[in-house]
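See below for the structure under consideration.
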Amino acid sequence: NDEKNTFQFLDVGRVDPKKLDANIRKQQFGEIYGQFDASQAAEQSDRCLECGNPYCEWKCPVHNYIPNWLKLISEGNLEQAAELAHQTNTLPEICGRVCPQDRLCEGACTLNDGFGAVTIGSVEKYITDTALTQGWRPDLSNVVDTGKRVAVIGAGPAGLGAADVLVRNGVKPVVFDRYPEIGGLLTFGIPEFKLEKEVVKRRREVMEGMGIEFRLNTEVGKDIEFGVLLGEYDAVFLGMGTYTYMKGGFPGEELPGVYEALPYLVANNKKLLDLPSENYVSLEGKRVVVLGGGDTAMDCNRTAIRQGATNVICAYRRDEENMPGSRREVNNAREEGVEFMWNRQPIEIVGDGNKVTGVKVVTTAMGEPDERGRRRPEPVAGSEEIILADAVVIAFGFRPSPAPWFEKFNVSIDDGGRVVAPAEGACAYQTTNPKIFAGGDMVRGSDLVVTAVWEGRQAAEGILDYLDV
Ligand code: FAD
Ligand code: SF4
């Protein structure tokens, strides 16, 4: 009798793949989570209740067919699961690693109510890693070539999402990126301990095998004119991300020993990839203060720990409950020895003229919610203190960085600098120039890998409508 025992989640608890001990993690940059084997993946997948209206699927930004591939894995059907996972997601092995599942699919799982959500992210990673290792590749043998070509600018998650959907529909994507590798922030921003770069390299090989062409080390607007691409291709997709760093606007930010988060992380990633990294900074032997409470701040904290910082303090102006970063990453940082100072707002970086010596902060109390529903931090009078530091990393997030050539080609931006490309309309994610589409961070503001993938994929659907193929 194959009848499913719906209540087996009472006997089988949630188990995550093994995580390396924090003392080992601190010594190296490799990924910290292990992999399920086939029987663990099947057992954990079998915990799924197969809810009639799966909330996980709605909450997942790419609307993965989660209960369906969990069922296939519980039955040991890896290839079909890999096929299904790729129908909705361009980068399933990457999302399985870096999505904040506690806020997305797993947060919405019915079993999250005290029983422990199904380990959706880890199973998604298992499916794709294992299938690709065993030689499975997407099957495009039925695709009919339309003869159309689309230029994709940016090989980040948005550009890769667009290229995937285009090539599966017989449209040839040619992807341009200024960097020497594909992935955008996947390769150059996110550290190895969350996502090893071999994973992105393997995805490049898979995508090239599908017929996607990459032209790397090519900056559009510098190495090749945008107008040339617009003339040569049937449509253009922009997935160029957001790269303007937010400043604190307080004195001392220019002192030697104060670093911007992204250049710090990019240089560290490039060094690990054996690429030239002019701006590389080692925080070995330094007392480090990281300012900010998002994913980027957590990545800086944990990079500094691995570089051998004497101690790392993360100061954030709200409390732990109201921080934007993923809970999982805060816990990982804490386990690795990062000390958190919540409710501390920096008001000055202090130094002796030649170098930074500390950060002056004021304690905050949590006030009324702001327009996004997060409680506003309000400074408490007379609470100033100085946190001693030899190095300070500023991780306040990013603002859009519209290219100077947008205006010439009639690509409009909103007041915040984001490219206007609405999801709704005759052709999804079409900009104010009908031949140009856009998606990802440059349209929605800096967000997540999975939302950039979704917008890239949806924009590709918009391009297919525009090309009428
Ligand atoms: P990007 O990834 O920024 O890619 C844009 C690409 O466009 C780049 O490769 C760039 O070189 C290229 N480009 C730009 N201009 C040009 C040009 N003129 N010519 C040629 N190429 C150009 N999200 C998560 O979901 N989980 C995480 O754990 C997570 N951690 C993060 C950690 C850090 C440090 C940072 C900075 C971000 C993190 N994010 C995370 C966010 C996530 O990485 C981004 O939301 C996502 O990468 C956005 O994808 P994108 O394709 O829009 O842009
Ligand atoms: Fe969950 Fe992200 Fe995978 Fe969707 S893509 S199922 S949100 S891990």
Helices (runs of 4 or more DSSP H) enclosed by segment 1-90 - at least 1 residues per element that are within 17 Å of residue 111 (Cα to Cα) and of a type outside the set (Asp, Glu): 38-45, 55-59, 66-74
Residues of segment 394-437 satisfying the condition of being among the polar types (S, T, N, Q) and out of contact with any helix residue (DSSP H, G or I) (no Cβ under 7 Å at 6 or more places or on another chain): 401, 410, 412, 431, 432
Residues of segment 99-114 satisfying the condition of being under 18 Å from residue 453 (Cβ atoms) and touching a Leu at 6+ places or on another chain (Cβ under 8 Å): 99, 100
The one condition in (1) more than 9 Å from ligand 1 (Cβ to nearest atom); (2) assigned by TED's automatic domain parsing to the domain that holds residue 444 that residue 263 fails to fulfil: (2)
Single residue of 120, 73 found to be within 16 Å of ligand 1 (Cβ to nearest atom), buried (at least 24 other Cβ atoms within 10 Å of the Cβ), within 18 Å of residue 44 (Cα to Cα) and at pLDDT 95 or above: 120
Per-region count, segment 95-122, residues among the β-branched types (Val, Ile, Thr) and near ligand 2 (Cβ under 9 Å from one of its atoms): 2
Top-ranked residue of segment 86-139 - restricted to ones that are of a type in the set (Val, Ile, Thr) and farther than 16 Å from residue 49 by Cα, ranked as nearest to the chain's Cα centre (by Cα): 98
When residues of segment 76-106 are limited to those that are among the hydrophobic types (A, V, I, L, M, F, W, C) and within 13 Å of ligand 1 (Cβ to nearest atom), the one surrounded by the fewest Cβ atoms within 10 Å (Cβ to Cβ): 104
Any hit, segment 285-303, residues being surrounded by fewer than 19 Cβ atoms within 10 Å (Cβ to Cβ), touching a Phe, Trp or Tyr at 6+ places or on another chain (Cβ under 7 Å) and farther than 19 Å from residue 397 by Cα: no
One residue from 107, 76 being outside the structural domain of residue 449 (by TED's automatic domain parsing) and touching a Lys or Arg at 6+ places or on another chain (Cβ under 7 Å): 107
Among (1) outside any strand (DSSP E or B); (2) away from ligand 1 (no atom under 13 Å from the Cβ); (3) at pLDDT below 95, the one test that residue 434 misses: (3)
Subset of segment 165-184 that is surrounded by fewer than 24 Cβ atoms within 10 Å (Cβ to Cβ) and part of a helix (DSSP H, G or I) - its residue that is nearest to ligand 1 (Cβ to nearest atom): 165
Sole residue being in a helix (DSSP H, G or I), within 16 Å of ligand 2 (Cβ to nearest atom) and at pLDDT 95 or above, chosen from 453, 443: 453
Which numbered condition residue 132 misses (of (1) more than 23 Å from residue 166 (Cβ to Cβ); (2) not in a loop (DSSP other than H, G, I, E, B)): (1)
Residues satisfying the stated conditions in segment 373-418, i.e. under 30 Å from residue 343 (Cα atoms) and aromatic (Phe, Trp, Tyr): 396, 398
Odd one out for residue 162 among (1) on the phi < 0 side of the Ramachandran plot; (2) in a loop (DSSP other than H, G, I, E, B); (3) in contact with a helix residue (DSSP H, G or I) (Cβ under 8 Å, 6 or more places away or on another chain): (2)
Total residues in segment 456-469, condition in a helix (DSSP H, G or I) and touching a residue at least 60 places away in the same chain (Cβ under 8 Å): 9
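The values are calculated or read from the model by the stated rules, or taken from the named source; none is laboratory data. Given the structure is predicted, the values throughout are model-derived calculations rather than measurements. Every residue, glycine among them, receives a Cβ derived from its backbone with ideal geometry; neighbour counts consider all protein chains shown.
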